[in-house]
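Notes follow once the structure below has been shown.
The values are calculated or read from the model by the stated rules, or taken from the named source; none is laboratory data. Predicted model, so just to flag it, every value in this text is computed and none were measured. Neighbour counts run over all protein chains shown; Cβ positions are idealised from the backbone, glycine included. Calculation scope for accessible area: heavy atoms of the full protein, side chains included, ligands and nucleic acids excluded. Shrake-Rupley method; radii C 1.70, N 1.55, O 1.52, S 1.80 Å.
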Amino acid sequence: MEFKKSIYSNTIKYSKIEMPFGDFYFCEKFIISEINEGIHFDWEMIKSVITKLYEFYGKDVKLGYISNRINSYSSDPQSWDKLNKELDAIVASAIVTYSNITFMNASLEKKFYKKSIKRCLSLPEAVEWVYKLKELN
């Protein structure tokens, strides 16, 4: 389910950041990404999102990250390791999967990330999990 079609788009405050490779929803306690179909989400793209994140929230923010995988795209699983080193703002991540292959990819990515990654089957499951993170409360 796309964020804009979910109940959350009408119930929580957010800013939509449109980039050539996808849309990002900056909410109070978390960010939701929806990467475009067919994109290879590489480190340069991730760095541009990090720049927008710090411009929007400031340097001392702590957030959850939700990857809402509504489209098929690729990424380098080792980007999670780089993210560990470059971005201290993200305390935990959720990956919303809509197919078996996406779930398997999320399982692989989980091995590269030092922080918590939860694999979720729906956007509401991911949002509720992030809201309960002790690091954000």
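Among the residues of the range 101-132, those that are in a loop (DSSP other than H, G, I, E, B) and modelled with pLDDT of 90 or more comprise LEU121, SER122, LYS132. Listed by first and then second residue, the pairs with beta-carbon distance under 7 Å, at least 6 apart or on different chains, first residue in the range 7-26 and at positive phi, second surrounded by 11 or more Cβ atoms within 10 Å (Cβ to Cβ), are GLY22/SER33; GLY22/GLU34; GLY22/ILE35; GLY22/ASN36; GLY22/ILE39.
When the strands (runs of 3 or more DSSP E) confined to the range 1-51 are screened for residues that are open to solvent by less than 30 Å² (accessible area, probe 1.4 Å) and of a type in the set (D, E, K, R), those reaching at least 1 such residues are found at 30-35. Could you check, for the range 94-111, whether at least one of its residues is of a type in the set (Phe, Trp, Tyr) and either buried (at least 18 other Cβ atoms within 10 Å of the Cβ) or on the phi > 0 side of the Ramachandran plot (or both)? No.
Residues in the range 77-108 that are touching a helix residue (DSSP H, G or I) at 6+ places or on another chain (Cβ under 8 Å) and farther than 23 Å from LYS134 by Cα: PRO77, SER79, LYS82, THR97. Mind checking which residues of the range 52-70 are open to solvent by 50 Å² or more (accessible area, probe 1.4 Å) and assigned to a loop (DSSP other than H, G, I, E, B)? Within the range 52-70, LYS59, ASP60, LYS62, ILE70 qualify.
The residues listed here are TYR65, TYR98, TYR73; of these, the one that is among the hydroxyl-bearing types (Ser, Thr, Tyr) and within 17 Å of PHE30 (Cβ to Cβ) is TYR65.
Taking first residues from the range 96-114 that are closer than 20 Å to GLY64 by Cα and partners that are among the polar types (S, T, N, Q) and assigned to a helix (DSSP H, G or I), the Cβ contacts under 6 Å between residues at least 6 apart in sequence or on separate chains come to LYS114/ASN84. Among the conditions (1) part of a strand (DSSP E or B); (2) in contact with a Lys or Arg (Cβ under 7 Å, 6 or more places away or on another chain), the only one that ASN84 does not satisfy is (1). Quick check: is even one residue across the range 67-74 in contact (Cβ under 8 Å) with a residue 60 or more places away in the chain and closer than 19 Å to LEU53 by Cα? So far as the range 67-74 goes, yes, one or more of its residues are in contact (Cβ under 8 Å) with a residue 60 or more places away in the chain and closer than 19 Å to LEU53 by Cα.
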